[in-house]
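The values are calculated or read from the model by the stated rules, or taken from the named source; none is laboratory data. Only a predicted model underlies this, so the values are computations on that prediction, with no experimental measurement involved. Because the Cβ atoms are built from the backbone with ideal geometry, glycine has one as well, and the counts that use them run over all protein chains shown. These accessible areas exclude ligands, DNA and RNA; they are computed on the full protein's heavy atoms, side chains included. Shrake-Rupley method; radii C 1.70, N 1.55, O 1.52, S 1.80 Å.
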Amino acid sequence: VAWGQRDPVFFDAELGGEELSPDETDDFTVSVMVDDIDLAEPGVYAIGIDIRATPIEDGDLLVDERFTASTTRTVIPWLTDDDLLPQVPVTLLWPLAAQPSVLPDGTLFGDGLAEQIGAGGSLSGLVAAPGDAPVTWGVDPDLLATVAAMAQGYAVSSTDGTTAEGTGADDAAAWLEAYTVATEGAQPLLMPFANPDIEALAAADSATAAQIARDAFAATRTFAGDEAASARHEVAWPPGGTVGEDALAAYASANAATVLLSGKAVTPETDEVRARVRAGDSEMDAVITDGGLDTAIADAAGADDPAAGAVALRQSWLAETAMAALDAAVSGGLDDGTDAGAAPLAATAPYGWQPDPAVAQALIDVWTETEWIEPTPLPSLAVPESPTVVAPRSEVDTVPAPLPSDYVAAVTDLRERGAQYAALLAEPDGVTSRLDAAVLRSASSGWRSDRPAGEAYTAAATATATSGLDQVSVQVPPSVTLSSSKGTFPLTVSNDLDQPVLVGLQLLPDNPDRMSVAEVTDIRVEAGEKATVEVTAEAAVNGKVPVTVQLTDVDGSPLGSSQRTIVNATDYGTIGWVVVGGAAAMLLAAAVLRPRRRRRTAPDDEPATVEVAAEPEPQRETAR
């Protein structure tokens, strides 16, 4: 870039009015003859405009307080007709992704995707913009799976728990057809399903990050239908093109084929698009994109004024690629007009971008219409026999920031609850995959730009799993009495789900030395039914023992809250009969002995009588 100083010759007051009121705007044009600017050599020049203003107070110009109100800059390549530049192969990666919306029960959390894929929607524009240009598609399988489900008819869940019929089935079918046409003959790269934010997960728990990375790529391969074929076209796509050592290790553990990284995020700098990235014991193929081209796309996509963003994008791309071509011409030289060949470049739009159509079209135009750019799909770039090995930079800026630790904790909670709900089901086929997909969706990188939406989705998905757990319960009486030292008592397990479950019961006496209770496992309860379970308890001594009752899954993990009951052991079966027998013998002896004593002491003239004694009170208490 050729830099210069401000030239006082090129100054003119161009505003239409004599003054500009607060919040007032006015258009102006500055025209300068190229010959008046010293563009002597081929190159890229920075051109800027300063807006100078003089404040007005009480109708008077405060000339001494003149100031620079604004400054803007752009870059302009300067090449003459005699300048022959080599072609620069440029690969443009074109991501298609959206914030996830499918809940574990198959409903959509909101219907925003219907608008995005409808006529004039942002995702429809992204599919249409490339036309015949050979972009390298990067596709989130979650988006394709969701739109395919919508095309079959779908329901939408709202925050108040109600559901309604979705409105985008026809638009979903049309979008899928447009996507199929647009990608015909291409080799789309497949991201990990829902593209979880592995960087954020690894910062909180590297083991969880690795497991979710494996689950995400496994879901992608299942979606593709051919694991061997899909592995050649899958790519880890960290937002911002940055990855730390733990995140890279997580991707490597998932057998990811390639990771997409920004040239600003690796060291040493390399001009190779195809490279290897190494961190610790992990190493994998990498696609290195050009940081300058990436930044130009991201800035334009986030511009408040899409038209101005489109212009800035065009100028930045012209400048960046022209410099690459000029460097190749100087270093490699041109021999008799033949192309010495410039090093290829790759650029990517931001993950999840849905720009204004003007920005998307400006990008395609500058990529396909610039005479020194050769649009090249990624598969056409040769892989070096000995690719450069790079490492992640120790500190890189990521925009926006990764998901925070409290968000990651909510994802972990959903994962644990989902796993428990799946373990509860007697026939979990289909349910397990939906719950696993919800975990991947809750961890999606798509929530970086809208964390509240991600929190709402995660809460809704967790509520779906939790409600399933809450629909299986056990009814526990306040107390039970055993008729002997060992006996059984019934408990009732209720299943309000629409599918059968397998559960167990844990009964823990407060005093195990006085009483033991057998564990009960593998209780199958059919959908919508109840099952009575006979629980066996054995007491060492008489008395009351509090017992904690906990419903579990078949692995022993608790389901819901525990409950309390009191088991009363009387041991009446053996001891009671001994006591009753002893009491009967004592009654018989008393009946025999008492009349004899009375005959010995009664006067001879009194008549003999027989008295039947009532059952002694203490003996009744003993028998009881």
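Structure above, values below:
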quantity	calculated
ALA133/THR488 FRET efficiency (R0 60 Å; Cβ-Cβ; nearest 0.05)	0.20
Amide hydrogen neighbours beyond the local backbone of ALA426, cut-off 5 Å, H modeled	VAL501, LEU502
Rg/Rh (Cα only; Kirkwood hydrodynamic radius) as it applies to segment 134-218	1.08
Per-pair calculated FRET efficiency, R0 = 41 Å: VAL383 and ASP27 via Cβ, rounded to 0.05	0.20
Net charge contributed by nearby residues that have their C-beta within less than 10 Å of PRO500 (K/R +1, D/E -1)	-3
Cα centre as origin, Lys/Arg/Asp/Glu Cβ charges: segment 89-172 dipole, Debye	240 debye
Cα-projected label distance for ALA145 with THR71, points at 7 Å along beta-carbon direction, nm	5.1 nm
Which of ALA518, GLN550, LEU502, positive extreme of dipole for segment 469-560 (C-beta unit charges)	ALA518
Rel. contact order, % - alpha carbon contacts under 8 angstrom, at least six apart, segment 399-523	25 percent
log₁₀ of I(q)/I(0) at q = 0.14, 0.15, 0.20 Å⁻¹ - segment 35-122, Debye sum with one point per alpha carbon	-0.82, -0.83, -1.06
Accessible-area ranking of ARG52, ARG514, largest first, probe 1.4 Å	ARG52, ARG514
Amide H contacts under 5 Å for VAL102, placed H, 5+ residues apart	PHE109
Within-15-Å neighbourhood charge of ALA518 [Cβ basis; K, R +1; D, E -1]	-3
Average projection area in nm² (convex hull over Cα atoms of segment 380-498, one quarter of hull surface)	15.9 nm²
Exposure rank, largest accessible area first [THR68, THR348; 1.4 Å]	THR68, THR348
Accessible area of LEU440 in the full protein assembly, 1.4 Å probe (Å², nearest 10)	10 Å²
Amide H within-cut-off set for TRP94, under 5 Å, with H built and near neighbours excluded	THR136, TRP137, GLY138
Cα point-scatterer Debye curve for segment 238-294, base-10 log of I(q)/I(0) at q = 0.29 Å⁻¹	-1.31
Volume per residue of the C-alpha convex hull in segment 97-155, rounded to whole Å³	86 Å³
Net +/- balance of residues flanking THR146 in space, Cβ distance below 15 Å, scoring K and R +1, D and E -1	-4
Extension gain, ASN511 back to ASP60 (0.36 nm per residue minus Cα-Cα distance, nm)	152.9 nm
Calculated from backbone phi, Karplus (6.51, -1.76, 1.60) coupling profile of segment 494-499 in Hz, x at Gly/Pro	10, 10, 8, 6, 9, 8
Accessible heavy-atom area order of ARG451, ARG564, highest first, probe of 1.4 Å	ARG564, ARG451
Estimated D of segment 269-313 in µm² per second, where Rh is the Kirkwood radius over Cα pairs and Stokes-Einstein applies at 37 °C, 0.692 mPa s	261 µm²/s
Area of THR71 that stays accessible when all protein chains are in place (1.4 Å probe, Å², to 10)	70 Å²
For segment 227-324, size of Cβ-based charge dipole, Lys and Arg +1, Asp and Glu -1, in debye	180 debye
Dipole-positive endmost among THR376, ALA456, SER445 within segment 337-496 (Cβ charges, Cα centre)	ALA456
LEU425 accessible area, assembled protein chains, probe 1.4 Å, Å²	10 Å²
